[in-house]
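Colleague: The structure follows.
The values are calculated or read from the model by the stated rules, or taken from the named source; none is laboratory data. For clarity, every value in this text was computed on a predicted model and none was experimentally measured. Neighbour counts run over all protein chains shown; Cβ positions are idealised from the backbone, glycine included. These accessible areas exclude ligands, DNA and RNA; they are computed on the full protein's heavy atoms, side chains included. Shrake-Rupley method; radii C 1.70, N 1.55, O 1.52, S 1.80 Å.
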Amino acid sequence: MSGRDLFCQPRRIRRGAALTLVFTSVLVAGAATGSFPEADGRDRKSSSDPTISAASASRHEDVAKAAEEAMADGQSPVEAAERAVSRSGDRWGAVYSEGEYEEFEEALDGRYTGVGLWARSDRDGRIEVTRVASGSPAAAAGIHKGDRLRSVDGAKVDGRPVTEVVSLLRGDAKDAAAGTTVRLGLERGTRAWDVTLRRARLSTDDVTERTLAGGITVIRIAAFTKGVGERVRTAVRQAPAGAGIVLDLRGNSGGLVAEAVTAASAFLDGGLVATYDVDGEQRALHAEAGGDTTRPLVALVDGGTMSAAELLTGALQDRGRAVVVGSRTFGKGSVQMPSRLPDGSVAELTVGHYRTPSGRGVDGAGITPDLEADRQVLERAETVLSGLGR
């Protein structure tokens, strides 16, 4: 499991739900062609919008009523709303404070507050730094990939889920802003040391590229934040002519669906990307015409591939455009709609589910790769590409 100090929603973590980025409510208003009112997918609608069904509106109203009654009684409206969502049985439902939701939207725009560390948990539960963002506080402090993170502000992190460690790094429980400090305990070989970092406003780097021997281009997408889809298109156009592409979606927790559809358009010449329902009403998402349909393509996935990343994977697999290599994806194929509560907090409730072009449901099932591989996944991908090239 891997993570970084970016998309961390503490209330969702406390309930034990998986960390994801949501299908924004632009899906609810999307036309049958799959077009979106805004490219960034932030045209969120309230539960009173006429395009929302009575059933969805009623669920949102129940949560809003619980928050309003708590406010009148001098109790926490957010906690009351969380209890109402929990009682509803909505697996992906979530409630965010106003500040948390603002951070969430900023993250979708490709900005976040943190120290610039990526991390993963090894088999022994130890937290290892897997990447350090250039120009970040962590980079300035001399932290390197492979360093072990032992503690955050004195709290030991061994054995903790990565999402909790990320939350500590960001200071979510304290609504820590840029400029606040966090003390890290680190270890490198036989050396152990502490360092105090000052959190900063950072930009995400959610699309990275590198070229392997033989001209194979690896395009890694960490999350579908604003602008990612077009960056993928550019990377495909600039890749060496005729060489294969590895699209690395491992650990991608999702993001803006509009960006995933744009990324699909880099490899498809129009056609269906996914269908989805909103309280039983069927809608569809389509790729734009003109994508590269001839270049050999392998998509890498794992248990951390979620939501919009699964939507993209399912489209490429069903339409025979990519060979999918890795392990079964997470299985988050639901559509959430946010609504503002009386105190300014936000509730997101599930209103529907999406399916791949062939009609497969993803929620709770995930996507099974064409070639299962737990180790040397990239090497397996190179082998597959050599075969596709022939």
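Colleague: Helix-only estimate, please: 222 nm mean residue ellipticity of the chain, summing -39500 (n - 2.57) across DSSP H runs of length 4 or more and dividing by its residues, to the nearest 500.
Modeller: Mean residue ellipticity, 222 nm, calculated: -8000 deg cm²/dmol.
Colleague: Using only alpha carbon pairs under 8 Å that are at least six residues apart, calculate the relative contact order of the range 81-172 and give it in whole percent.
Modeller: Across the range 81-172, relative contact order equals 21 percent.
Colleague: Which label belongs to the value computed from this structure, given these candidates for Cα Rg over 2.2 N^0.38 Å: [x] 0.93; [y] 1.19; [z] 0.99?
Modeller: Among [x] 0.93; [y] 1.19; [z] 0.99, the one calculated here is [z].
Colleague: For the chain, what is the percent of antiparallel DSSP beta bridges, rounded to the nearest 5?
Modeller: Just about 80 percent of them are antiparallel.
Colleague: Under 12 Å from the Cβ of Pro342, count the other residues' Cβ atoms, weight Lys and Arg +1, Asp and Glu -1, and hand me the total.
Modeller: -3
Colleague: With a cut-off of 8 Å between alpha carbons and a minimum separation of six or more residues, what is the relative contact order of the chain in percent?
Modeller: It rounds to 19 percent for the chain.
Colleague: Can you give me the C-alpha center-to-center distance between the range 84-134 and the range 308-384, rounded to a whole angstrom?
Modeller: 18
Colleague: Still on this structure: Pop out the carbon and sulfur fraction of the accessible area of the chain as a percent, whole number, probe 1.4 Å.
Modeller: That share works out to 46 percent.
Colleague: Still on this structure: Using the heavy atoms of the protein chains and a 1.4 angstrom probe, tell me the accessible area per residue for the chain in square angstrom.
Modeller: 41
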